[in-house]
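Below: one structure, written as structure tokens.
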Amino acid sequence: MPDNNKTQLPFLDIKDLVVEYVSDGEIVHAVNGVDLHLERGKTLGLVGETGAGKTTIAKSILRILPDVGAKICGGQVHLDGENLLELQEVDMRKIRGNKISMIFQDPMTALNPVQTVGDQIAEVVHLHLEHGDHTDPVARAKEMLEIVGIPAERYHEYPHQFSGGMKQRVVIAIALACNPDLLLADEPTTALDVTIQAQVLDLIGDLRKKYNTAMLLITHDMGVVAQVCDDVAVIYAGTILEYGTKRQVFKHPTHPYTIGLFGAIPDMNEDEEWLHPIDGLPPDPTNLPKGCAFSPRCPYATDECRKEPIKIYKTPDGHDCRCCRMGAIAKKEG
Amino acid sequence: MVRYVIKRLLWMIPIALGVAILVFTLMTATPGDPAQTLLGATATETDLAAKREELGLNDPYFVRLGDYLTNVFIKFDLGASWVTSVDIMDTIAVRMPRTLVLTIVTLIIAFGLGIPLGVMAATHQNKWQDSIAMVLAMIGVAIPNFWLALLLISLFSVKLAWLPPMGIEMGLVSYILPALSNCTGALANCARQTRSSMLDVIRADYITTARSKGVPERSVIYKHALKNAMIPIITAAGGAFGHLLGGAMIIETIFNIPGMGTYIIGSLNNRDYPVVQGGTIFLALAFSLLMLLVDLLYAAVDPRIKAQYAGKKRKKVKANA
């Protein structure tokens, strides 16, 4: 957990980010006051279930939320001390794909079907010729293809000629072609089968090490977090519930939701008949509970949890946990 | 690909044959005596009988059909007009280009305006730009083109005297008013098609990818999205082309353009069977060629479709080997 006493801002510093969607006249509270920070070269895992607001956070950083309906209502996103949310669109374009780039969840649909893969890689290099390190987009695109393990001769082929794993490699090549400082990886392995998952994660890891790229890894897979991340933030209904280093969160999960997540992973050493899901469903984001968003599903919830928004408490090992019943739970579990 | 084109071209033979038989039969079944129409009301019965014999109208249906098909498909001769005795092929060679120019100018106006209008509607979905574009499209479909033609003539020819009211003496300029009055339907159709197709595409993941790469919004829409949205638009263009080609007669009549439309309509009134038949076969072939062109355009726009065309060939090669 990087301490907040330093006056200098971390490399990526998200403060109190609030994002809402308007749909059919109802306001969807997608992200509700999220704080995150990330240093150069480090990896932060953002864990949560579908609809928790993970992708919205990533898209807010890049400011590529859909024009219609989505709105960043508050907060700051500082990259290298510069508030991205206040930049002009023209300046923001210079950052997208260059300083910050994104890997998308579904490689099947993330590539333009009528453009050759080579051109799609070269395009991002071409767009950032002025500020980038590369002068020849086509040469760089071929180099990137080789780096992600695709022969450069396949430059002129189209996405439909590639398998899912190969397409994700192309997406990675696009994302890393300009050596970004920050990589937003939105469930980069979810759509791939397990053997390819490991390859893709290794590939991302190797390339990041080479260029000292920071990564915000969005996932719902605790195994991936264990393999890749330095820090972990657990998000639920647009709110961070637990935030610490991987070691802290994995060794001493404190929030009942995090405990539930770990409990849901089947133990391969034991002969278990049943899986252990967390009972209930995530709350309706148009009508969030007044207090703790997890309280309706929480086995430890009391009236106190439902009264007002919960603040952040420090756990005994020093990481953040948004739970006012921490002590009581520790006793019960202990 | 070449194999695919050759196959499609060969397919046009049975199409032309079918059209020829159908039109010939329909013309035979049409009431009215060509000889009477040609010679006028004052002709004597002997003159009429001689004329019928000369035109071969006394032969049985199958004999005449056989003769006609032999002439068209073996000798490549559409014959001469019964009224003017001018060779039909020669006439088509002069008139077809005029109809083509009218159709192409109409399409250029329709799609040149319709595509940007549709894109604007899609990128401003549910905003005022969208409403205006869609209201314009509705009006475009609803306006009868002969009425619009008269309005345009009275404004641009009579009042302002900018453009000629009829004829083709002034070259391309003569086609502006006819094309303007003829384009509304196609324009509206194109705008609606572009809008719905673009709405599908601009929500696609690869559009988000393009934005995340730092592509300027204009290129996102016109370079990444529009190319993917083109297939339904090309289909609409092909349909509109065929429609305009076949429906040119009204506009050609109003503006007195001696094209294919007026040729066929005039001959129909005169019971000039060879012209109607020859003209129709010719339009049918032009339409088939157009559809082939549309299919080839699909392949040019979408590599997946191109792969399909080529894929058929590859399979055949394997089968032969």
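Derivation of every value follows stated rules applied to the coordinates shown; laboratory data play no part. This is a predicted model, so every value here is computed, not measured. We place every Cβ from the backbone using ideal geometry, glycine too, and count neighbours over all the protein chains shown.
The figures follow:
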{"read-out": "Search result, residues across segment A:18-50 that are assigned to a loop (DSSP other than H, G, I, E, B) and of a type in the set (Gly, Ala, Ser)", "value": "A:Gly25, A:Gly41, A:Gly48"}
{"read-out": "Given (1) surrounded by fewer than 13 Cβ atoms within 10 Å (Cβ to Cβ); (2) of a type in the set (Phe, Trp, Tyr); (3) under 30 Å from A:Asp24 (Cβ atoms), number of the condition A:Trp274 does not satisfy", "value": "(3)"}
{"read-out": "Condition check for B:Ile207: among the aliphatic types (A, V, I, L, M) and in contact (Cβ under 8 Å) with a residue 60 or more places away in the chain", "value": "no"}
{"read-out": "Identity of the residue in segment A:290-320, in contact with a helix residue (DSSP H, G or I) (Cβ under 8 Å, 6 or more places away or on another chain) and hydrophobic (A, V, I, L, M, F, W, C), that ends up surrounded by the fewest Cβ atoms within 10 Å (Cβ to Cβ)", "value": "A:Ala301"}
{"read-out": "Residue among A:Ala237, A:Ala233, A:Ala264, A:Ala293 that alone is at positive phi, under 24 Å from the mean Cα position of the chain (by Cα) and not charged (D, E, K, R)", "value": "A:Ala237"}
{"read-out": "Qualifying residue in segment A:37-57 (condition: surrounded by 17 or more Cβ atoms within 10 Å (Cβ to Cβ), in contact with a helix residue (DSSP H, G or I) (Cβ under 7 Å, 6 or more places away or on another chain) and within 14 Å of chain B (Cβ to nearest Cβ))", "value": "no"}
{"read-out": "Members of segment A:68-117 found to be within 9 Å of chain B (Cβ to nearest Cβ) and among the polar types (S, T, N, Q), listed by number", "value": "A:Asn98, A:Ser101, A:Gln105, A:Thr109, A:Asn112, A:Gln115, A:Thr116"}
{"read-out": "Given (1) buried (at least 19 other Cβ atoms within 10 Å of the Cβ); (2) on the phi < 0 side of the Ramachandran plot, number of the condition A:His78 does not satisfy", "value": "(1)"}
{"read-out": "Search result, residues across segment A:186-230 that are among the β-branched types (Val, Ile, Thr) and more than 10 Å from the chain's Cα centre (by Cα)", "value": "A:Thr189, A:Thr190, A:Val194, A:Thr195, A:Ile196, A:Val200, A:Ile204, A:Thr213, A:Val224, A:Val225, A:Val228"}
{"read-out": "Answer from A:Met102, A:Met108 - the residue that is within 20 Å of the chain's Cα centre (by Cα) and not in a strand (DSSP E or B)", "value": "A:Met108"}
{"read-out": "Hey, B:Gly259 at the interface with chain A (Cβ under 10 Å from one of its Cβ atoms), touching a Lys or Arg at 6+ places or on another chain (Cβ under 6 Å) and buried (at least 19 other Cβ atoms within 10 Å of the Cβ) or not", "value": "no"}
{"read-out": "Selection from segment A:185-219 of residues that are of a type in the set (D, E, K, R), buried (at least 17 other Cβ atoms within 10 Å of the Cβ) and out of contact with any Phe, Trp or Tyr (no Cβ under 6 Å at 6 or more places or on another chain)", "value": "A:Glu187, A:Arg208"}
{"read-out": "Residue selected from segment B:133-147 under the condition farther than 16 Å from B:Gly247 by Cβ and under 23 Å from the mean Cα position of the chain (by Cα), by the criterion surrounded by the most Cβ atoms within 10 Å (Cβ to Cβ)", "value": "B:Ala137"}
{"read-out": "Which listed residue is under 19 Å from A:Val68 (Cα atoms) and away from chain A (no Cβ under 14 Å), from B:Arg195, B:Arg218, B:Arg211, B:Arg203", "value": "B:Arg195"}
{"read-out": "B:Glu169 exposed (fewer than 15 other Cβ atoms within 10 Å of the Cβ), within 14 Å of another protein chain (Cβ to nearest Cβ), without any contact (Cβ under 8 Å) to a residue 40 or more places away in the chain and of a type in the set (D, E, K, R)", "value": "no"}
{"read-out": "Elements of type helices (runs of 4 or more DSSP H) in segment A:235-334, at least 1 residues being touching a residue at least 40 places away in the same chain (Cβ under 8 Å) and closer than 26 Å to A:Thr43 by Cα", "value": "A:246-251, A:256-264"}
{"read-out": "Scan of segment A:160-196 for residues that are more than 14 Å from chain B (Cβ to nearest Cβ), more than 20 Å from A:Glu143 (Cβ to Cβ) and out of contact with any helix residue (DSSP H, G or I) (no Cβ under 7 Å at 6 or more places or on another chain), ordered by number", "value": "A:Ser163, A:Asp193, A:Val194, A:Thr195"}
{"read-out": "Single residue of B:Leu150, B:Leu163 found to be surrounded by fewer than 21 Cβ atoms within 10 Å (Cβ to Cβ) and in a loop (DSSP other than H, G, I, E, B)", "value": "B:Leu163"}
{"read-out": "Number of positions in segment A:148-185 that are more than 24 Å from the chain's Cα centre (by Cα), among the aliphatic types (A, V, I, L, M) and assigned to a helix (DSSP H, G or I)", "value": "1"}
{"read-out": "Failed condition for A:Leu65, given (1) within 12 Å of another protein chain (Cβ to nearest Cβ); (2) part of a helix (DSSP H, G or I); (3) within 16 Å of the chain's Cα centre (by Cα)", "value": "(2)"}
{"read-out": "Count - residues of segment B:221-248 that are aliphatic (A, V, I, L, M) and either under 22 Å from B:Leu38 (Cβ atoms) or within 14 Å of chain A (Cβ to nearest Cβ) (or both)", "value": "8"}
{"read-out": "Count of segment A:131-142 residues which are surrounded by fewer than 17 Cβ atoms within 10 Å (Cβ to Cβ) and either without any contact (Cβ under 8 Å) to a residue 24 or more places away in the chain or of a type in the set (Gly, Ala, Ser) (or both)", "value": "4"}
{"read-out": "Residue, surrounded by the most Cβ atoms within 10 Å (Cβ to Cβ), within segment B:15-53, restricted to residues that are under 20 Å from B:Asn71 (Cα atoms) and either in contact with a Pro (Cβ under 7 Å, 6 or more places away or on another chain) or charged (D, E, K, R) (or both)", "value": "B:Arg52"}
{"read-out": "So B:Ala240, is it touching a Ser or Thr at 6+ places or on another chain (Cβ under 8 Å) and more than 30 Å from A:Ala177 (Cβ to Cβ)", "value": "no"}
